[in-house]
Every structure is written in C-alpha cells, then in structure tokens.
Amino acid sequence: MNEAIRHYTNEFHARRDVSPYDAEVLFDGLITETDEEALTELLAAWATKGATEDELYRFASILRARMKRVDTKDLACVDIVGTGGSSEKTFNVSTAAAFVVAGAGVPVAKHGNRAATSTSGSADVLGHLGVEVDVSPEEAESNLHKHGICFMFAPRHHSLSPTLARARKRVKRATIFNCLGPLCNPAGVGHQVIGVWSRELVSKMANVLARLGTEKSWIVNGHDRLDEISLTGNSTLAEVTPIGTREFHVTAKDMGIAHFRNDLPRQCSPAESAAVIRDLIEGKLGESDAETLVLINSAAAIFVAGGAQDLFCACEMARKSISSGGARDKLGALQKK
C-alpha cells in the first residue's frame, strides 16, 4: 500500500486533516494505488471526517492544473451540475436542464461522469439518450462551438484511475470527489449552477469557488434534500462573484410558478431517466412536476449566465426552449447519427 494512503487513512480516522504540504503527494497516491480495499477505507474515513474548505480548494487546484482543457474561445458558457449524494433521488434534472438552457441560446459546457453515489449519472442517462459520451476533448470542443452545447466526460479530462472509481462506488456515500468534479469544469466556465446535497455545504463550496475564481455562479440546495433548486419551500443559494459571496433564498414562486401535481418521478434508473428527459424536451410533460423542476433550474442557469434580466424572464425563456423545439434540437445535435 502507498505510504500516503496508509498514513492518511489513520489521520482521517483520528479526525485530522490533510497537511497543505501533503496534498499533491496524497493525490498522486489516490490515482496510483491499486489496492481497492485501501482506497475504499481511506475514502470512507475521509467522508466520515468531512472534507474541509482547504482540502477542497487544494485538491480542486491540483485537478484543474492537470486536466485536459476545452477552449471556449471566449464563448460565455454555463455548466449546471449536481454533486450527487442527495438522499432524494429523482431523474437527471441537470442533464435535462442542459438541453433546455442551450435551446434558449445560452452555450452549455456540461461536465459529468457515470454514477458513483446516485442511481443514474449524467453519462449514464446520456448514453440511453443516444449521445456518445466518451469523446475526446477535441471533439467536445468542436461540439461546443458547432452546436452551442457539449458533454465533457470526466475520465477523458482527468487522469484518475479505474481502481479509484470502483472504490468510490464501494463507499456508497458521497466522497470528496462528489464536490471536486463540479469545481473542475474542463472548459473553465465562468458561470455555474452547482447543486449540493446539504445546506452545510453551500457556504463551504461557495468559499472554495470564490478562491478558485468565477464570474458569477450559484451554489444551491433545495430544502427537501434535493441537490438543486426545489419545487416547494425555500432553496438556499450562495452567489459567488469576484467581489465575494452572499447567501439568500429562492422559491419557485420567484419564477412565477405556484402549482404542483406531486407527480415527480423518483429513484429513476438511467433508462427511466432518459425516458423522462426525452418526453420532457419533446413537450409531452407540460405542467408536470418534472417539467417544472427542470424549468426553474434551467432558469437559474440562464440568469446566472446573463441570458435574462431576472428569474421570471429566464423561466419563460426555458419554457419557450421546450415549446419551440430548441431543447429537442440540442439533444439531436449530440445524438449519434
């Protein structure tokens, strides 16, 4: 076993944090260790201790420095992504929202992976939608500039390891990598809507993103344990800009939505999630909770990226993206021919 893995497994069990001098050494240990059991124990102990803001910042900085990038060529892009780890599992809301946002005319550089802690990751559901997810950074870049949307499959951009991926699955709970992925978009987008699984994570992730740098982004948590803006009640948000962070609350009513059907799909498999998304962007789920949830989260991304003057207008743009066929066309652009 790598000595750094052995050392920090013991440190995490003792509730001690990673030394700033050891971050890169531990990172190298994580991506080269071949003992799956050892990695599983370390990740579980780290999750129990909890990743600190400094740990998130340092490991995100390492991932960013080493990742294979996509050049936006100054295109103002947004990413909408969840950390996973939520106890409430629905369908792939952020993946559906990506097509709606792009269909509204806001370029989307979506970063994602296969499921680690959820039933369906963005790459899983996109595969069921007929999208080739395992494309090179060059092809992702081409898609972004040709179609106004791309999917960047995490393993193509970050040199981690299959052993680490298997260990993450074995932990069966959110690990530090659930947070690192959304913080390390290969296109370096200046606008993000990042959903987190707990309210306690909102300020922590916001502070990390502020240190890493962003133009305008939101960290969001739904009051009903969703890692996205909720249909009901308050959602806690932190806005991050170059001048700092501020926390506030948003409700669906802020976007002109007040009625719900209580028919939100839950615990969807990748195939089931794909079916929901396909019907949604084809306009077959009008006024359903699934469509409403996608509309309000799409509105957040449109607004954060500067595509609308307020959330109400952004929500109307999202609605038009579906009714006009814009969202459907963006999915069609990425589907295998």
Do the conditions hold for residue 69, that is, is it modelled with pLDDT of 95 or more, assigned to a loop (DSSP other than H, G, I, E, B), surrounded by 14 or more Cβ atoms within 10 Å (Cβ to Cβ) and outside the structural domain of residue 152 (by TED's automatic domain parsing)? yes
From the list 37, 88, 11, exactly one residue is outside the structural domain of residue 327 (by TED's automatic domain parsing), surrounded by fewer than 21 Cβ atoms within 10 Å (Cβ to Cβ) and either out of contact with any Asp or Glu (no Cβ under 9 Å at 6 or more places or on another chain) or at pLDDT below 95 (or both). Which is it? 37
Scan segment 91-110 and tell me whether some residue there is buried (at least 20 other Cβ atoms within 10 Å of the Cβ), over 19 Å from residue 231 (Cβ atoms) and either in the same structural domain as residue 9 (by TED's automatic domain parsing) or of a type in the set (Lys, Arg) (or both). yes
Segment 229-247, residues that are within 19 Å of residue 302 (Cβ to Cβ) and out of contact with any strand residue (DSSP E or B) (no Cβ under 6 Å at 6 or more places or on another chain): 231
Considering 232, 163, 214, 175, which residue is in contact (Cβ under 8 Å) with a residue 24 or more places away in the chain, farther than 23 Å from residue 108 by Cβ, in contact with a His (Cβ under 9 Å, 6 or more places away or on another chain) and not aromatic (Phe, Trp, Tyr)? 232
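Among the listed residues 34, 72, which satisfies the condition of being out of contact with any Phe, Trp or Tyr (no Cβ under 8 Å at 6 or more places or on another chain), touching a residue at least 40 places away in the same chain (Cβ under 8 Å) and under 27 Å from residue 122 (Cβ atoms)?
Only one candidate qualifies: 72.
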What residue, of 331, 264, 237, is in a loop (DSSP other than H, G, I, E, B) and surrounded by 17 or more Cβ atoms within 10 Å (Cβ to Cβ)? 264
Considering only residues that are of a type in the set (A, V, I, L, M, F, W, C) and under 19 Å from the mean Cα position of the chain (by Cα), look in segment 251-275 and name the one that is modelled with the highest pLDDT. 274
From the set of residues in segment 267-301 that are assigned to a loop (DSSP other than H, G, I, E, B), in contact with a Ser or Thr (Cβ under 7 Å, 6 or more places away or on another chain) and of a type outside the set (Ser, Thr, Tyr), which is surrounded by the most Cβ atoms within 10 Å (Cβ to Cβ)? 268
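Each row is one residue, and each column tells you yes or no for (1) under 18 Å from residue 305 (Cα atoms); (2) basic (Lys, Arg).
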| site | (1), (2) |
| --- | --- |
| 70 | no, no |
| 82 | yes, no |
| 89 | no, yes |
| 103 | yes, no |
| 112 | no, no |
Over segment 160-185, the set of residues in contact with an Asp or Glu (Cβ under 6 Å, 6 or more places away or on another chain) and within 27 Å of residue 211 (Cβ to Cβ) is 185
When every residue in segment 195-234 that is hydroxyl-bearing (Ser, Thr, Tyr) and modelled with pLDDT under 95 is compared, the one surrounded by the most Cβ atoms within 10 Å (Cβ to Cβ) is 230
Collect the residues in segment 176-186 that are in contact with a helix residue (DSSP H, G or I) (Cβ under 7 Å, 6 or more places away or on another chain), surrounded by 24 or more Cβ atoms within 10 Å (Cβ to Cβ) and part of a loop (DSSP other than H, G, I, E, B), keeping them in residue-number order. 186
Tell me whether segment 111-125 contains one or more residues that are modelled with pLDDT of 95 or more, assigned by TED's automatic domain parsing to the domain that holds residue 327 and part of a loop (DSSP other than H, G, I, E, B). no
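Look at segment 127-138 and say how many of its residues are without any contact (Cβ under 8 Å) to a residue 40 or more places away in the chain and either closer than 21 Å to residue 266 by Cβ or in contact with a Lys or Arg (Cβ under 9 Å, 6 or more places away or on another chain) (or both).
Selection size over segment 127-138: 4.
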Name, by its number, the condition in (1) within 16 Å of the chain's Cα centre (by Cα); (2) outside any helix (DSSP H, G or I); (3) not assigned by TED's automatic domain parsing to the domain that holds residue 230 that does not hold for residue 20. (1)
Return yes or no: is residue 40 of a type outside the set (A, V, I, L, M) and either part of a strand (DSSP E or B) or closer than 20 Å to residue 155 by Cβ (or both)? yes
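The values are calculated or read from the model by the stated rules, or taken from the named source; none is laboratory data. If you're wondering where the values come from, they're calculated on a predicted model, not measured in any experiment. Don't worry about glycine lacking a Cβ; one is built from the backbone with ideal geometry, like all the others, and counts go over all protein chains shown.
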